[in-house]
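To start, the structure itself, in structure tokens.
The values are calculated or read from the model by the stated rules, or taken from the named source; none is laboratory data. All figures in this text were calculated on a predicted structure; none of them were measured in a lab. Because the Cβ atoms are built from the backbone with ideal geometry, glycine has one as well, and the counts that use them run over all protein chains shown.
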Amino acid sequence: MLKRALQKQSSALHSSSVLGGVRLQGCGLKQLGGLTRGHSTVDNEEVGRFNQLSNTWWEEKSSFAALHTMNKLRIPLIKQSLPLSSEDETTPLFGNKILDVGCGGGILSEPMARLGAQVTGLDASKDGIEAALQHRDSLNEDILNRNLDYQCDTIENFVIGREESFDAVVASEVVEHVASLDTFVGSCAQLLKPGGSLIVTTINRTQLSYWLTIVAAENMLSIVEKGTHDWNKYIQPQHLQHVCQQHGCRLTLLHGMSLNILTLTWSWTQNTLMNYAAVFSKSIR
């Protein structure tokens with residue numbers, strides 16, 4: 001049971017679709033030059049792995065289970081980070097325009113849209129976007145039809161012509177996969193309105209995360225295939241803070257996140273040695 005739970009945790013935490021600095025197959029995208037678009041790369045092995053999982057995004061007992069339960073922390077965090085509407089308690093995010101970067105099948109996009117936000121789910125994986133669209137359309141909910149749109153693109157392409165369009169950019173379980181953190185954060189910052197929020201959840205690069213995700217999950221227990229994780233791409237909070245500061249976004253919140261690997265439920269913690277959430281505010285000129 002413990003091995004199965006660890007497998008779910010490991011797969012879920014590293015299955016958010018790759019975006020920003022990485023172009024995935026199926027979108028017909030081309031490499032672009034320029035300051036914010038010059039470091040994009042393609043990881044075909046990782047692309048293939050995500051494509052194989054695309055039909056399981058909405059199976060709550062699949063490898064995405066921990067992402068479903070993470071919404072119990074992510075949604076309150078997003079609400080805390082944005083101005084709330086007092087007009088209707090059921091749609092407190094009304095009036096906010098949110099970009100969900102690396103949305104995958106829309107696990108986080110849908111609940112944000114139900115709370116009244118105008119949400120764009122962005123992913124460079126054609127299979128992921130197709131799964132998200134199919135699930136949204138199958139529900140046929142008026143609020144989702146009105147408030148939720150999906151785009152298949154990379155963030156460095158998507159930003160062109162959309163500068164300062166969003167009240168919040170959410171990058172949940174994504175930044176540890178991107179090829180260029182600077183390119184990714186720079187594009188996010190360009191998309192934010194002055195005073196807007198960049199909301200990130202990710203994995204810290206520590207000895208603990210190395211032992212749990214590399215040594216235990218891959219080498220000792222063979223829970224996941226060797227090479228699934230790249231510990232060197234995990235991001236320490238101080239490094240993320242530094243990169244965001246370089247793009248005019250200051251840290252306003254940093255909190256640890258803890259996953260119970262037996263129940264796949266999440267809770268807040270002061271410990272940031274494994275998973276953490278960070279919120280940044282774009283400077284007002």
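The residues of the range 170-188 that are among the aliphatic types (A, V, I, L, M) and more than 19 Å from V119 (Cβ to Cβ), listed by number, are V175, V178, A179, L181, V185. Tallying residues that are under 17 Å from P83 (Cα atoms) and either out of contact with any strand residue (DSSP E or B) (no Cβ under 6 Å at 6 or more places or on another chain) or assigned to a strand (DSSP E or B) (or both) within the range 112-127 yields 5. Within the range 54-72, does at least one residue satisfy the condition of being at pLDDT 85 or above, touching a strand residue (DSSP E or B) at 6+ places or on another chain (Cβ under 6 Å) and not basic (K, R)? Checked against the condition, which is being at pLDDT 85 or above, touching a strand residue (DSSP E or B) at 6+ places or on another chain (Cβ under 6 Å) and not basic (K, R), the range 54-72 yields at least one hit.
Exactly one residue out of D127, D137, D153, D167 is surrounded by 17 or more Cβ atoms within 10 Å (Cβ to Cβ) and either in contact with a Cys (Cβ under 8 Å, 6 or more places away or on another chain) or without any contact (Cβ under 8 Å) to a residue 24 or more places away in the chain (or both): that is D153.
A count restricted to the range 271-284 and to residues that are within 30 Å of L191 (Cα to Cα) and either more than 18 Å from the chain's Cα centre (by Cα) or surrounded by fewer than 17 Cβ atoms within 10 Å (Cβ to Cβ) (or both) stands at 4. Selection of first residues in the range 64-79 that are in contact (Cβ under 8 Å) with a residue 40 or more places away in the chain and of second residues that are surrounded by fewer than 18 Cβ atoms within 10 Å (Cβ to Cβ) and outside any loop (DSSP other than H, G, I, E, B), restricted to Cβ pairs under 7 Å at least 6 apart or on distinct chains, gives the following pairs, ordered by first then second residue: F64/T56; T69/T265; N71/P111; L73/W268; I75/P111. Taking (1) within 19 Å of V175 (Cα to Cα); (2) at pLDDT 95 or above; (3) part of a loop (DSSP other than H, G, I, E, B) in turn, C103 satisfies each apart from (2).
A single member of I78, I155, I143 is among the β-branched types (V, I, T) and over 25 Å from S281 (Cβ atoms), and it is I143. Hey, can you tell me all the residues within the range 128-157 that are assigned to a loop (DSSP other than H, G, I, E, B) and more than 17 Å from the chain's Cα centre (by Cα)? Selection gives N140, E141. D167 meets all of the listed conditions (1) within 13 Å of the chain's Cα centre (by Cα); (2) at pLDDT 95 or above but one, namely (1).
The single condition among (1) over 30 Å from G256 (Cβ atoms); (2) crowded, with 19+ Cβ neighbours inside 10 Å; (3) of a type outside the set (S, T, N, Q) that A189 does not meet is (1). With respect to the conditions (1) surrounded by 16 or more Cβ atoms within 10 Å (Cβ to Cβ); (2) within 18 Å of the chain's Cα centre (by Cα); (3) modelled with pLDDT under 95, S197 falls short on a single one, namely (3).
Quick one: would you say I98 is among the aliphatic types (A, V, I, L, M) and more than 16 Å from H135 (Cβ to Cβ)?
Considered against the rule, which asks whether it is among the aliphatic types (A, V, I, L, M) and more than 16 Å from H135 (Cβ to Cβ), I98 comes out as yes.
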